[in-house]
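A quick write-up on the structure given underneath.
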Amino acid sequence: MSETVDFLTAFKDAIHEKGEWFNMTGLPKVLENYRLLHTCVRNLYETLIKRSLIKSDPYKLERKISDIVVPDDSPYIESERAMVIGSRFSDYEGMLDFICTYFKFSTDNFDLIKIKKLNDLNGAFQWSNMTLNSSKTNTRGLANLITEARKNAPQMTASLINDSISKSSQAISEITVSLKDLSDYKREEYKLNVRLDIFNHPDFDAKKAASSAEGELSEIKKNFTKVMGKIPFYSELISEIIEEDHSSQRESLQQAVLKKLSVKQKVENKKQNTVNTKVLIMDALVPLAAVGPVYAEIVTKLVTNRDVLLAEKNTLFEKFKRAIRRSFNIPEPPLMYNVIIVDEKKGTKIQKAIDINIFLTNIDRKAKFMTVLGNKASAEIKKILSSEEDAIFQFVSKQITDAQESFVLLTAVDEYFKQHVLSSDKSKIKGLKIDLVSLKNAVVKANQKRAEYCSYIEEVEQMKKLGIKYGD
């Protein structure tokens with residue numbers, strides 16, 4: 001009896017520790033990978049539209065998504081490839097947007113059914129096998145469109161396509177591993193809840209359950225519905241509980257459960273004496289490159305916010321003016337917003353006029369640029385590394401300064417939308433709080449990396465002055 005109590009105590013502690021790890025580390029990493037995947041998919045989607053290989057979905061923003069739905073993968077007529085794959089790829093991108101924007105990444109929000117839906121969505125397009133002879137209908141169709149997009153494409157476009165496919169494959173691979181770990185956790189959590197809720201219920205006959213495997217199964221079945229409510233009865237997991245209690249191998253089975261739930265600690269590699277200082281300063285780009293997906297999410301949200309404000313001012317007179325401009329081929333005037341820039345250090349506020357459409361284009365460009373910078377094997381990274389070290393330092397410093405300025409402007413734009421929307425439309429505005437925190441953290445980490453580089457260079461110079469070779 002005491003062994004059972006000891007196992008249950010260890011089991012509860014392991015579930016708690018693993019749950020904390022998922023909420024603090026594991027699931028934020030899954031969200032980060034989904035954001036990366038969404039950015040890459042959106043880049044490919046926009047590239048295919050720009051290359052006139054598919055058409056954009058005019059009703060996309062009006063479509064309400066409330067649950068994870070996997071795009072259809074049924075066969076289609078080859079002459080309709082552009083229309084069918086374009087529509088399915090658009091649905092896939094929209095589903096990723098929903099996951100990144102509205103899906104709550106905490107253990108409380110996940111169950112085995114949701115994890116399965118995510119795994120099914122992850123398999124909608126096989127990024128690790130994006131080939132013309134794929135057995136998957138959607139993958140084969142998209143591969144054909146991508147092949148067409150590469151033809152006579154500028155080097156930057158070709159690089160973006162290749163990088164997006166590579167990073168999508170990497171993101172899906174990491175997500176799949178994480179979801180497998182999460183699934184194992186939720187299975188064990190289910191088993192713990194059965195033990196805590198059913199085994200402690202007044203109607204549960206503990207003596208009968210302890211007497212035999214059959215007796216325990218009978219008591220679980222008898223009490224399951226009234227105790228667990230609408231939670232599904234998973235026969236496989238119930239069988240595991242009974243095996244862990246009555247099998248001759250129960251001790252090893254219990255230890256296997258605890259081992260499965262253990263949080264693996266990363267072992268840091270010891271620093272080598274020889275340091276490539278170019279790589280050291282380039283490390284400051286790593287946190288900034290990671291915000292490529294964040295920038296992409298911000299663009300999506302701000303486009304929605306802009307459209308909400310535009311819809312509020314879509315009067316008959318405005319429609320008439322647009323019709324006149326179209327008739328005489330007059331370009332639309334800039335959409336100017338007067339945002340308030342807050343200088344927290346000086347405690348001052350400055351009004352700044354920005355063209356929101358140009359601003360969004362620039363943020364979108366940053367998203368794509370940071371995605372490319374995140375690929376250490378890309379031609380762009382190799383070109384930067386071939387430069388003089390001082391030039392690399394200046395380039396990295398410029399990216400940090402640019403990210404800082406973007407943070408300030410985005411904060412002001414976020415506040416502008418919140419203040420200028422009608423009360424009836426406030427629920428339609430997408431806030432940037434989480435995205436801004438991610439961007440600010442990235443800037444802080446990049447500054448830390450740059451400071452470490454500067455300290456290292458200064459230390460080496462001091463050693464040289466003393467006639468000491470660094471690393472001796």
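Structure notes:
- If the chain linking E405 and S135 were pulled fully straight, counting 0.36 nm for each residue of separation and taking away their Cα-Cα distance, it would gain 92.5 nm.
- The HN-Hα couplings worked out from phi for the stretch 209-216 by the Karplus form 6.51 cos²θ - 1.76 cosθ + 1.60 (θ = phi - 60°) are 5, 6, 6, 6, 5, 5, x, 5 Hz, whole numbers, x standing for Gly and Pro.
- Cross-link reach list, aspartates and glutamates versus K382, counting only Cα pairs under 19 Å and skipping chain neighbours closer than eight places: D163, D283, D390
- Cβ-derived FRET efficiency at R0 56 Å, K376 paired with H16, nearest 0.05: 0.90
- 3J(HN,Hα) couplings calculated from phi for the stretch 117-133 with the Karplus curve 6.51 cos²θ - 1.76 cosθ + 1.60 (θ = phi - 60°) are, in sequence order, 4, 5, 5, 5, 5, 4, x, 4, 10, 8, 5, 7, 9, 7, 10, 5, 10 Hz; Gly and Pro show x.
- Protein heavy-atom accessible surface, 1.4 Å probe, per residue over the chain: 57 Å².
- Cross-link reach list, aspartates and glutamates versus K136, counting only Cα pairs under 12 Å and skipping chain neighbours closer than eight places: D72, D73
- Mean projected area (nm²) of the alpha-carbon convex hull when the stretch 125-265 is viewed from all directions: 13.3 nm²
- Derived value for the stretch 40-148: Kirkwood hydrodynamic radius 14.8 Å. Basis is the mean of 1/r over every pair of different alpha-carbon atoms.
- Interchain or long-range residues, amide H under 5 Å from V421's placed H: none
- Overall dimensions of the stretch 316-440 by Cα: Rg and Dmax, Å: 19.3, 59
- Each helix, a run of at least 4 DSSP H residues, gives -39500 (n - 2.57); summed and divided by the residues of the chain, these come to -22000 deg cm²/dmol at 222 nm.
- Seen from E297, the other residues with C-beta closer than 10 Å to its C-beta sum to a net charge of +2, counting Lys and Arg as +1 and Asp and Glu as -1.
- Sulfur and carbon atoms: percent of accessible area, the stretch 184-261 [1.4 Å]: 50 percent
- All lysines inside 24 Å of K207 as judged from Cα atoms, apart from same-chain residues fewer than 8 positions distant: K12, K191, K221, K222, K226
- Sorting 367-374, 191-198 by average packing, meaning the other beta carbons within 10 Å per residue, from highest down gives 367-374, 191-198.
- Projecting label points 7 angstrom from Cα along Cα→Cβ for D197 and K55 puts them 5.0 nm apart.
- Assigned charges on the beta-carbon of Lys, Arg, Asp, Glu; the chain dipole about Cα centre (debye): 1720 debye
The values are calculated or read from the model by the stated rules, or taken from the named source; none is laboratory data. Source: prediction; values computed, not measured. Note: ideal-geometry Cβ built from the backbone for every residue, glycine included; neighbour counts use all protein chains shown. What goes into the accessible areas is simple: the full protein's heavy atoms, side chains included, and nothing from ligands, DNA or RNA. Shrake-Rupley method; radii C 1.70, N 1.55, O 1.52, S 1.80 Å.
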